[in-house]
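Notes follow once the structure below has been shown.
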Amino acid sequence: SSVIHLEQIRKSYFIGKNELPVLKGVSLDIFKNEYVALMGPSGSGKSTLMNILGALDTPTSGKYVLSGHDVSRMEDNELARIRNQEIGFVFQQFNLMPRLSALENVAVPLIYAGISKRDREEKARLMLEKVGLGDRYKHKPNELSGGQCQRVAIARALVNDPSLILADEPTGNLDTKTSIEIMEIFGKIHASGNTVVLVTHEEDIAAHARRIIRLRDGLIESDKLNEIREAVS
Ligand code: ADP
Ligand code: ADP
């Protein structure tokens, strides 16, 4: 079944009376356990589309159904609930809470889910082990490397068992070697049944995905299986 169903999504920004159309009718389906890279030149609408996919913003018109929920018709409070339940976010800047330990950062989404402290910590610990940071759970973000911070962010994204993982330039702040390690983790996340959509402008990073969607001027320019990746796996 579709995790993401988009029908003729349009999004305009209004600057005074001037309408700036950014998404001009984007339709697509992403199914369970797909691994999609979203590419396109700067200004093509990738971030705008990711914000809509992440229920951070609503389209000007069109329909978005996320795991059976019609997100395009939701009020802000409902959107917040859906975001927390259905989506795990990974950002370029990690967006960790600086005063919280790795463990506490990973446990944050579970607070909203109403889970007891003991269970939160147990789950968070398990997730940190999954991303290879089991021994660093007490460390704060400034005591961790960029790659380790991104592992914490990935663990946080996974802890609620969301139906969709959205990653916006997740290796944008990392060196090549660390980027490859992070992409290996995304590979494992996908292999364990998750649905992953990541934005990148790097072909080497997109090459890890199974499907590559290219945006241009607010429209889908191409949408193809990644044949190289299909052949080697
Ligand atoms: P990309 O992520 O592909 O670089 P964006 O979605 O960030 O593209 O931006 C697409 C276009 O929308 C750009 O022309 C950008 O300047 C414009 N834009 C993005 N966000 C806003 C905003 N909040 N207000 C006005 N214009 C915006
Ligand atoms: P950029 O790609 O421009 O560096 P980010 O990827 O960090 O921006 O953030 C993309 C959008 O998500 C922004 O609009 C930001 O306000 C929002 N955002 C950032 N952190 C979170 C978070 N933890 N939960 C929900 N939304 C967030």
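The values are calculated or read from the model by the stated rules, or taken from the named source; none is laboratory data. Bear in mind that the values here come from a model prediction, so they are computed numbers and not experimental data. With ideal geometry, Cβ positions are generated from the backbone for all residues, glycine too; neighbour counts draw on all protein chains shown. We work out accessible area using only protein heavy atoms, side chains counted, and drop any ligands, DNA or RNA first. Shrake-Rupley method; radii C 1.70, N 1.55, O 1.52, S 1.80 Å.
The apolar share of the surface of the chain, taken as the fraction of accessible area on carbon and sulfur atoms (1.4 Å probe, ligands and nucleic acids excluded), comes to 48 percent. By the compact-protein rule of thumb, 2.2 N^0.38 Å, the alpha-carbon radius of gyration of the stretch 80-146 corresponds to a ratio of 1.10. Shown here is the pair-distance distribution of the stretch 1-116: with all Cα-Cα distances grouped in 5 Å bins from zero up to the longest one, the shares run 2, 10, 17, 21, 19, 15, 10, 5, 2, 0 percent.
Between the C-alpha center of the stretch 61-109 and that of the stretch 175-221 there is a gap of 19 Å. Taking the DSSP bridge list for the chain and keeping only pairs wholly inside it, about 60 percent are antiparallel.
If DNA, RNA and ligands are ignored and the probe is 1.4 Å, what is the ranking of GLU169, GLU19 by accessible area, most exposed first?
GLU19, GLU169
Kirkwood's formula applied to the C-alpha pairs of the stretch 146-201 gives a hydrodynamic radius of 11.4 angstrom.
Give, as a single signed number, the net charge of other residues whose beta carbon lies under 12 Å from the beta carbon of ARG83, with Lys and Arg counted +1 and Asp and Glu -1.
Surrounding charge for ARG83 is -3.
Counting only heavy atoms of the protein chains and using a 1.4 Å probe, ASP223 has close to 70 Å² of accessible surface.
Which entries in LYS177/LYS224; LYS11/LYS177; LYS32/LYS138 show an alpha-carbon gap greater than 30 Å? Those over the limit are LYS11/LYS177; LYS32/LYS138.
When the P(r) of the chain is calculated, the portion above 23 Å amounts to 49% of the C-alpha pairs.
Can you sort PHE14, PHE31 by solvent-accessible area, 1.4 Å probe, largest first?
The most accessible residue leads, giving PHE14, PHE31.
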